[in-house]
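Written out below as C-alpha cells is the structure these notes cover.
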Amino acid sequence: MEPQLSRDLGPVLTALARTAVATSFEPRPPDAAALAAAGAAPALGRREATFVTLERDGALRGCIGTLRALRPLGVDVVRNARAAARDPRMPAVRPEEVDELRITVTVLSPPEPMGAGDFTALLERLRPGVDGLTLKDGGRRRATFLPSVWAGLPEPERFVAALLRKGGWPQGPGGGGLRSAAWPEGLEAERYETVSFTG
C-alpha cells in the first residue's frame, strides 16, 4: 500500500534534504534531530523509511536509504541526504554543487513478504512500475530496487536478474532464462510501494 502522505509535504522534505546536504560541510553540522525539528511539519515526527537520491545534470550523485521505518521521517531524510552526498560508489558532492542538485525524497510503505519459492512465482506476482523489490538471504546479503528502476528495466525478468546481480547471487544457466534458474538457498523476497517528491 502506497504511503499516505500529503503532497504538501513534498517541498518540506526536499528542502530539508537540501539543507542537510548544504550544512554537512560546516565544521559542526547541525544535529539531524534539530534540523528535522526546524522543518515545523508534524508529519516529520512519524516513523518512516526513506531514500534520498541526488542528481546533477542527469547524472547520479548519490542514493542512500533505509528499508525499515526506524526513525522519525525528518531525521531519516537528514541522515540519508548527508549519506547520499558521500555515497561511496562515486565522488562526494562538493559544496558548489548543492544548488544545482535535483533531489528526490522517496518514502517507502512497510515491506510485504511475497512468499515466492521460485522465480516463476516471483515474476508473476511483481507489478511493473508499482513494486519496489528487496531480496535478502538471512541477513548475509540484501539488495533492493526502488519502483523508479522499472523505467530502465520494464520487463520483470530483466528487473529481477539485475537485482540478483546487484546482490551478488548466482542466476543459474543463461540458456533457459531466469524461470529455469535455481532459487538461491535462503532467498526471501519483499515488495513495497513508494511516494516520491522531487525538488
May I ask for the angle, rounded to the nearest 10°, between helix 73-84 and the longest principal axis of the chain, with both axes built from Cα atoms and the value confined to 0 to 90°?
80 degrees
In whole angstrom, the spacing between the Cα centers of the range 37-57 and the range 69-90 equals 9 Å
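Run the numbers on the range 112-193 and let me know its relative contact order in percent, using alpha-carbon pairs under 8 Å that are six or more apart.
Values: 121 pairs, mean separation 36.5, N = 82.
Relative contact order here is 44 percent.
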Roughly speaking, what % of Cα-Cα pairs in the range 14-56 are separated by over 11 Å, rounded to a whole number?
71 percent
Taking springs between alpha-carbon atoms closer than 10 angstrom, which of Ala41, Ala17, Ala69 fluctuates most in the Gaussian network model of the chain?
Ala41
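Could you give the C-alpha radius of gyration of the chain expressed as a fraction of 2.2 N^0.38 Å, taking N as the number of residues it contains? Write out the running numbers ahead of the final one.
Details: Rg = 17.9 Å, N = 199, 2.2 N^0.38 = 16.4 Å.
Dividing the Cα Rg of the chain by 2.2 N^0.38 Å gives 1.09.
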Quick one: angle between helix 9-23 and the longest Cα principal axis of the chain, in degrees between 0 and 90, rounded to 10, please.
70 degrees
Give me log10 I(q)/I(0) at q = 0.14, 0.18 Å⁻¹ for the range 9-109, Debye formula, one equal scatterer per alpha-carbon, no solvent.
-0.45, -0.75
How big is the equivalent ellipsoid of the range 112-193 along its three axes, where each semi-axis is √(5λ) from the Cα gyration tensor, reported in whole Å from largest to smallest?
17, 15, 12
Determine the dipole magnitude for the range 9-109: charges of +1 sit on the beta-carbon of Lys and Arg, -1 on that of Asp and Glu, nothing else is charged, the reference point is the Cα centre, and the result goes in debye to the nearest 20.
360 debye
Nearest 10 degrees is fine. How inclined is helix 156-167 to the longest principal axis of the chain, computing both from alpha carbons?
70 degrees
Please tell me the relative contact order of the chain in percent, rounded to the nearest whole number, where contacts are Cα pairs under 8 Å and at least six residues apart.
25 percent
Per-peptide average of other Cβ atoms within 10 Å, ordering 185-197, 118-130 highest first
185-197, 118-130
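Relative contact order, percent, of the range 1-109 when contacts are C-alpha pairs under 8 Å separated by at least 6 residues? Can you show the working numbers first?
On the way: 194 pairs, mean separation 37.6, N = 109.
Computed over the range 1-109, the figure is 35 percent.
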Given charges of +1 on the Cβ of Lys and Arg and -1 on the Cβ of Asp and Glu, with all other atoms neutral, how large is the dipole of the chain about its Cα centre, in debye to the nearest 20?
420 debye
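Every number here is computed from the coordinates shown, using simple stated rules; none is lab data. What you are looking at is a predicted structure, and each value in this text was computed from that prediction instead of being measured. Quick reminder, even Gly has a Cβ in these numbers, built from the backbone with ideal geometry, and neighbours come from all protein chains shown.
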